[in-house]
Structure formats: C-alpha cells, structure tokens
1. Over the range 393-453, average the accessible area per residue using a 1.4 Å probe and give it in Å², no decimals.
2. Given a 1.4 angstrom probe, I'd like the percentage of the accessible area of the range 401-532 that is carbon and sulfur, rounded to a whole number.
3. Can you give me the distance in nm between label points at residue 142 and residue 506, each placed 7 Å from the Cα along the Cα-to-Cβ direction?
4. Highest first, please rank the peptides 128-140, 208-220 by the mean number of other Cβ atoms sitting within 10 Å of their residues.
5. Counting only helical runs of four or more DSSP H residues, what would the 222 nm mean residue ellipticity of the chain come to if each run contributes -39,500 (n - 2.57) and the total is spread over all its residues?
6. Counting Lys +1, Arg +1, Asp -1, Glu -1, what net charge surrounds residue 280 among other residues with beta carbon under 14 Å of its beta carbon?
7. Residue 367 to residue 132: FRET efficiency via 1/(1 + (r/R0)^6), r the Cβ-Cβ distance, R0 41 Å, to the nearest 0.05?
8. Output wanted: per-residue J couplings in Hz (rounded whole) for the range 289-300, from phi through Karplus 6.51 cos²θ - 1.76 cosθ + 1.60, θ = phi - 60°, x for Gly and Pro.
Amino acid sequence: MRKRDQWLAAPMRAGLATALLALAGCGTDNSGAAGTGEPVVMGMTDKVKATDPAAGYDPGSWLLFNNVFQSLMSFPKGGTTPEPEAAERCGFTDTDSKVYRCTLKDGLTFSNGDALTSKDVKYSFDRTQRIKDKDGPAVMFSALDKVETPDAKTVVFRLKTPDATFPMKIASGAGSIVDHADYPADRLRTDGKATGSGVYTLKEYGHEKAVFGVNGSYKGPAKVKNSGMTVKFFQAPDKLKKAVQSGDVDVAYRGLAMKDIAALDGASLNQQHGTQVIEGGSAEIMHLVFNLKDPVAGKLGVRKAIAYLLDRSTLVRDVYQHTAEPLYSVVPAGITGHTTAFFNTYGDRPQPDKAASALSSAGVHGKVPLTLWVTPDRFGPGTVPAFREIAQQLNHSGLFDAKVRSVPTEEYDKGVAAGRFGVYVKGWIPDYPDPDSFTQPFFGKDNVLSNHYSSPKITGRLLPKTADQQDRGATKSAFRELQNIVAQDVPVIPIWQGKQYAVARDGVTGLEWTLDSSTVFRFWEISKAADA
C-alpha cells in the first residue's frame with residue numbers, strides 16, 4: 001500500500017555553475033547532541049506498519065524513519081529545499097540531472113557504534129531496490145541506475161533518466177540509511193528493531209506504543225529539545241481526544257475527529273481542558289477520480305457536468321468543519337506552479353445550466369445514474385460523509401441520480417484495479433513538496449489512478465520537460481499548462497487540500513515546526529515545561 005494513499009514531500013538548476021555551487025554547500029554539525037528537558041508523550045491513531053525503511057510507505061512508518069534514521073539530505077523546518085543531513089555536501093555534477101554526488105560528514109556512526117560510510121549508503125539503496133517490497137518506497141527510485149562509492153566518504157548516484165527531484169526523494173523517508181551489518185541484503189528485517197544514525201533510537205516497539213530515546217552520537221543539524229519521545233497508538237479518535245484532555249498524552253497528532261478539532265479550536269481556554277490547537281500547512285489532497293473506460297464516467301460531458309456542480313466550500317464547511325480548504329487544481333497551494341485551473345474553468349459555485357448543457361452536448365439525456373465508490377479505512381473518517389454530500393449536490397441539480405457505496409479497503413483496491421468502478425476517491429500525501437509528486441504518479445506511465453487516462457502532451461512533453469530542471473522555479477509554465485489540460489480533460493476533479501493539526505497540553509511548545517508541507521514530523525522540535 002503506497003504511503004501517499006493514506007489518510008491523514010528547491011532551486012537547484014541554472015546551469016553547471018549552479019550545480020557545482022550546490023555541491024559545495026555544507027551542513028551544520030551537531031556532534032554528540034544530547035536531549036535536554038522533559039520527555040514527551042504523543043498519541044495518534046496511525047500505526048507504525050514497518051520499522052524497516054525498505055518496507056514502510058505509510059505516514060506512521062515515515063514518522064519513525066524521519067526520527068530514527070538519517071538521510072543524506074533533509075528538509076529544514078519550514079522549508080521545501082533539501083539541505084545536507086548525513087552529507088557534508090551534495091549536488092548534481094552535470095546539467096542533465098543524471099549524476100548526483102554526495103560527500104559524507106566525518107565521524108558518522110550508527111547508534112550501535114558502527115561507522116557509517118558510503119558502503120552503507122549504497123547498501124541501503126541497493127537493498128530497497130532489490131527487495132522491491134510491494135508496500136515499500138522502491139517505486140520512488142525507478143530512475144536510479146546504479147550507486148558508486150569511489151571512497152568511504154563519497155557516493156555517486158547515476159540515473160537512467162533525468163530527475164531533478166532526486167535530492168527531494170533522498171531527503172524523504174525513502175532515503176533512510178541502514179547499517180549493512182544489521183540488515184539482510186535481500187529480505188526485510190523482522191525483529192521490530194531499528195539501527196540508524198538519526199536523532200533518536202528506537203528503544204521499544206509494540207502494538208500499544210513505541211519508545212524513542214535521544215541518540216547521543218547523532219551528528220547533524222537537529223537540536224534536540226526533549227529527552228525522549230513515547231508514541232501511544234489509539235484505536236479510535238474519541239479515545240485519543242480523551243487522552244489529551246486528561247493529560248494521558250502531551251500531544252495528540254493524526255487521528256482526532258474533525259468535529260473535535262473544530263470544537264477545541266473554537267472553545268474558550270476554560271473549555272479546552274488545558275489544551276491548545278496548533279495548525280500547520282499541509283499538501284495532503286483528495287480527488288474524485290473517473291474511469292475513462294466506464295460507460296457513464298467515460299463521457300467527457302458527464303465529467304464536466306460534475307465539475308460544474310461541485311460545491312467545495314459547502315463541503316469543507318459542513319463535512320470537514322473548515323479543517324480543509326477547497327482545492328481547484330491537481331497541484332495544491334504552496335507548491336511551485338499551483339494554479340486554480342478548475343476554478344477558472346468551472347467556477348466555485350454550482351452552475352446547473354452549464355452542467356445541463358455539458359450533458360446535452362455529450363448526448364446524455366435524463367437523470368444520469370452514478371455510483372461514487374469510497375473506502376472509509378484509508379482516507380479518513382470524513383470520506384463517506386464527504387461523498388454523501390457530493391452525491392446530494394449532484395442530485396439536487398435534478399441532473400443526476402447519484403449514490404455512495406462504501407466497501408472495505410481490500411475490496412476497494414481490487415475494484416479500482418479491475419476497472420469495476422466508474423467514479424471513486426483518491427487521497428494523496430506527497431513524497432516530497434514538489435509539483436512532480438502530484439503529477440507524475442497520476443498522469444505518468446504506470447500511474448496510481450488506474451483510470452485509463454493518458455495525455456500524450458503530458459507524458460510526452462510536459463513531464464519530461466520538467467524532469468531535468470534543477471531550478472524548480474523554471475518548471476512553473478510547464479506545470480501550469482499541465483493543470484489546464486487536466487481541467488479540460490477532467491480525468492480527476494480536485495476536492496480539498498488538508499491542514500495539519502496537533503492538540504497539545506499547555507506547556508508543550510515547538511509543534512509549529514513539525515507541521516509543514518515537507519510532511520516531516522520532527523520530534524526534536526517539541527519541548528515540554530517541567531510543570532506541564
């Protein structure tokens with residue numbers, strides 16, 4: 001199961017001179033960092049499905065990876081341009097974005113005392129590709145040809161095709177570096193333990209909680225503001241809410257019900273039970289997806305009619321309690337090249353006359369029978385109510401006879417793959433904060449939507465045009481053109497863009513530095529007052 005199917009990741013090119021300048025960049029050393037302050041207890045309903053970076057591709061697992069393992073690069077707090085982490089410096093050595101070279105910091109060690117060298121970096125990437133776990137991140141490195149290690153501190157990545165987003169990919173959880181002596185080369189590690197060189201160590205891992213201690217041998221830019229983290233796993237949102245209100249946990253993250261977040265956020269200080277709501281940016285999105293081989297959804301006039309009738313503002317107000325924002329394009333706000341292509345084409349309020357005209361021009365007459373397929377397990381508790389609201393909006397126009405069918409995840413996945421569904425939901429959390437992460441997986445070769453949509457202009461010209469642009473700002477025009485094509489062809493309709501929330505007890509600070517579009521939850525930024 002792909003990480004970015006879950007419920008609720010930078011300028012580098014202006015010719016070879018810029019590439020070589022990037023190669024000369026360096027990170028901040030924080031040798032022997034030791035945590036200070038109180039330990040922090042956090043609760044969430046997400047599960048950590050894997051402790052092995054070759055297998056995990058879900059939000060809970062990447063939360064562990066980002067805190068226990070190092071990558072060569074990492075996203076700084078509040079930033080979307082990767083900076084050196086385990087590396088002293090990294091950069092492309094060519095103008096075609098096909099050769100990426102990193103030099104490691106001196107004296108890197110894993111938490112078990114083993115030295116971290118270029119051998120471990122190569123081993124980690126080779127291992128992920130070799131295992132190619134169906135629930136793992138190997139798919140992110142399809143462009144990687146081979147990894148070379150000229151010496152113990154140097155790593156050279158040679159790509160089969162240009163990929164200017166490669167630095168972002170290795171800055172994600174997929175780029176986690178493991179100890180070659182502790183991880184099998186051709187199979188997953190299954191003992192529930194983890195050996196990394198990141199800010200924390202994994203001291204305990206089980207069904208009910210995971211305990212993290214500060215790694216005293218960590219060398220990197222992070223400054224640790226607590227003396228350890230415990231993450232408790234809850235089965236239901238209401239139990240998580242009670243836990244933070246009672247003080248059983250210091251922080252509630254990922255899994256609170258929308259109504260509870262809205263109620264706590266709008267309550268007075270006395271009514272909040274000693275809690276505070278922290279809001280951050282997010283690039284999590286949700287789409288309505290159309291199977292273009294379906295006899296109903298395959299008609300462009302039907303898809304355009306739905307686009308004319310969708311009232312996103314009412315949806316996010318009534319269903320999501322303003323914990324999300326209306327989304328009018330496939331590239332969300334805050335990401336390079338974002339436009340409002342669907343707003344520009346279809347407006348922001350229902351237009352039944354234009355919807356009727358779209359249906360008539362497609363030769364569609366009478367009420368259109370339509371089934372919206374959803375699964376509640378993967379995309380959050382608001383999914384079924386949201387799609388019921390969409391069905392009601394369509395039916396209110398008098399043009400549709402829409403209904404919602406909710407099925408378990410396994411049945412849902414099989415139905416999508418087999419093409420049995422005409423209209424269905426897709427939620428997405430980016431692997432890295434770049435427009436490529438919202439377009440290539442949806443519209444490129446072997447895309448994740450399984451909706452039989454193909455645009456030769458997108459796959460043959462626009463995506464390849466952006467692939468070697470190390471200056472990501474230079475991709476704006478191509479991605480804007482792509483978004484306009486999608487708005488005209490309507491293989492998907494963007495619905496909403498999420499926000500990130502955490503609820504914390506009074507005296508807990510630093511959460512604002514963990515909630516941004518990089519999707520990296522930084523344990524080390526959280527601190528807790530001694531009397532909290």
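1. Here the residues of the range 393-453 average 39 Å² of exposed surface.
2. Carbon and sulfur: 46 percent of the exposed surface of the range 401-532.
3. 5.3
4. Highest mean packing first, the order is 208-220, 128-140.
5. -7500 deg cm²/dmol
6. Net local charge, residue 280 excluded: -3.
7. Values: r = 47 Å, r/R0 = 1.14.
With a Förster radius of 41 Å, E is 0.30.
8. Along the range 289-300, the couplings run 10, 10, 7, 6, 9, 6, x, 9, 5, x, 7, 4 Hz.
The values are calculated or read from the model by the stated rules, or taken from the named source; none is laboratory data. If you're wondering where the values come from, they're calculated on a predicted model, not measured in any experiment. Every residue, glycine among them, receives a Cβ derived from its backbone with ideal geometry; neighbour counts consider all protein chains shown. To get the accessible areas, we keep the full protein, side chains included, count just its heavy atoms, and leave off ligands, DNA and RNA. Shrake-Rupley method; radii C 1.70, N 1.55, O 1.52, S 1.80 Å.
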